[in-house]
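These notes are about the structure you will find just below.
The values are calculated or read from the model by the stated rules, or taken from the named source; none is laboratory data. Small disclaimer: the values here were computed from a predicted structure and weren't measured. Here the Cβ positions follow ideal geometry from the backbone for every residue, glycine too, while neighbour counts run over all protein chains shown.
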Amino acid sequence: MNVLYRSTRGAEENVPASLAVLKGLASDGGLFVPQSIPKLNESIEELSKMSYQDVAYTVMSKFLSDYTEEELRYCINNAYDSKFDTKEIAPLHKTKNAYFLELFHGKTIAFKDMALSILPYLMTTAAKKNNLKEEIVILTATSGDTGKAAMAGFADVPGTRIIVFYPKNGVSAVQERQMITQKGENTCVVAITGNFDDAQTGVKKMFQDKKLAEDLKKAGFQFSSANSINIGRLVPQVVYYVYSYCQLVKKGEIKAGDKINFVVPTGNFGNILAAYYAKLMGLPVNKLICASNKNNVLYDFFITGTYDKNRDFYLTSSPSMDILVSSNLERLIFKIAGEDAKTTAELMESLSKNGKYTVSNDQKALLADFASGFSTEEECAEAIRKTYEEDKYVLDTHTAVAASVYEKYVKDTGDKTPTVIASTASPYKFARSVLHAIDEKYDSHTDMEQFDDLREVSGVEIPKAIEEIRSAEIRHTTVCETDKMQAVVREKLGL
Ligand SMILES: *Cc1c(COP(=O)(O)O)cnc(C)c1O
């Protein structure tokens, strides 16, 4: 089946997958969605015998139907290789109450690696297919995880360059060190004196700047986006939901056809949307449980049908979920609006004008696939402590939010469906908060000492990503004012 893409806001239709990957965002500001969701026609028995790479091919080839088998296998084989520290790529860890799907075995020890390991290959293959002459310049604003994972993915990939902006005082110590030690001749990291919103706004402005686009083209460059709204990030994430289900069958934990729940710690709504797509493909899923931290705008939306970003913004110990506008939710809105682009465009217009919108009762009824919850900082810490004490398993702060929401969900509903919790980061990435939750005696230790503490506590070896930053040389030292971002880009590209 040939799957084509269209914008959730209606301006573009019949766009081949490879072009949607190259463009990232549709020209009307909408998101590309498949015109129909392909079905999993292989049996679970068949899929259960497959390696991660073969499940990836089976799932992704259905969505990316204009890539040839050779092209897609090339992308998959280069992405899911020894960069991951386990052959399973995404292993399951069983505890008393749930299965944790560990998505942090890639280069930067957060789940962003699952998609950003393959996106550079999908993109350069798409450029070749579409006879793109220009070199691709990835421009990204990051609050920590995305920028590093994107650079790790694009480092030394021929035909690409990547420039990342991050807020000088807005990322964790580990995150900053990971970024400024980034290797690769085509990578560039710049700290800005503003906050994350300033970085994001500066990048968006550059994408829309016509003069800049002209100058880029003359010099042989074209911008593209590695942001999670790119379908080249969404599709690879569908894979591990299918894979984890099959692993449960293979291990005899469930029978083929049994339903399971997925709990997903959510920020931009990309990861959980991939789980929803897996369900729409035919994977036997009961509930998709959307877990938020104190920034609980999504929880309120699922309960009331009103999305309202007019509220205080909190910095929490799960920073990758500190977000008030979840971009990928637009794809779900499009779905519950009966795939009507006009309605979707109106709701999004209302969001940008008034900071809020409300869906109709009929539309809200279509959200029944989802459950939702949120947890406070105390509840998150409690989940880390409890899972450590009861299961000798150490969760990172984001995964702990999900575990805490799941516990409350079970209490409220009595639902006994086997449940997989998406584990989105290694505890090493947020060592300080994790150790603080376990015992305050660690608070006085330095960042470097805490890595050794965590090894002792968790029994998990220090990942390569952490060992590297302990010794790596600092390669990037540019700091700029927010209004100088374009000047920096021009300088770096020699415009
Ligand atoms: C990005 C991120 C999330 C949120 O994922 P979304 O796809 O944006 O919902 C959760 N946890 C970690 C560790 C992340 O890096």
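Structure notes:
- Candidate set: the range 72-122, residues that are among the acidic types (Asp, Glu) and part of a loop (DSSP other than H, G, I, E, B); chosen: the one surrounded by the most Cβ atoms within 10 Å (Cβ to Cβ): Asp85
- So Thr160, is it among the hydroxyl-bearing types (Ser, Thr, Tyr), within 14 Å of the ligand (Cβ to nearest atom), in contact (Cβ under 8 Å) with a residue 12 or more places away in the chain and closer than 20 Å to Lys492 by Cβ: no
- Members of the range 300-353 found to be of a type in the set (Lys, Arg) and touching a helix residue (DSSP H, G or I) at 6+ places or on another chain (Cβ under 9 Å), listed by number: Lys309, Arg311, Arg331, Lys335
- Ala226 being within 16 Å of the ligand (Cβ to nearest atom) and under 29 Å from His105 (Cβ atoms): yes
- Residue match in the range 273-287 (condition: surrounded by 20 or more Cβ atoms within 10 Å (Cβ to Cβ), at pLDDT 95 or above, near the ligand (Cβ under 10 Å from one of its atoms) and assigned to a loop (DSSP other than H, G, I, E, B)): no
A quick yes/no check of all residues on (1) loosely packed, with under 15 Cβ neighbours inside 10 Å; (2) touching a residue at least 12 places away in the same chain (Cβ under 8 Å); (3) of a type in the set (A, V, I, L, M, F, W, C); (4) more than 16 Å from the ligand (Cβ to nearest atom):
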site	(1), (2), (3), (4)
Asp362	yes, no, no, yes
Gly373	no, yes, no, no
Glu379	no, yes, no, yes
Thr446	yes, no, no, yes
Glu449	yes, no, no, yes
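- Filter result (assigned to a helix (DSSP H, G or I) and away from the ligand (no atom under 15 Å from the Cβ)) within the range 307-347: Ile333, Phe334, Lys335, Ile336, Ala341, Lys342, Thr343, Thr344, Ala345, Glu346, Leu347
- Only residues that are surrounded by 14 or more Cβ atoms within 10 Å (Cβ to Cβ) and either free of Cβ contacts under 8 Å to residues at least 40 places away in the same chain or over 19 Å from Val297 (Cβ atoms) (or both) were counted in the range 348-360, giving 1.
- Conditions (1) surrounded by 13 or more Cβ atoms within 10 Å (Cβ to Cβ); (2) touching a residue at least 24 places away in the same chain (Cβ under 8 Å): number failed by Leu435: (2)
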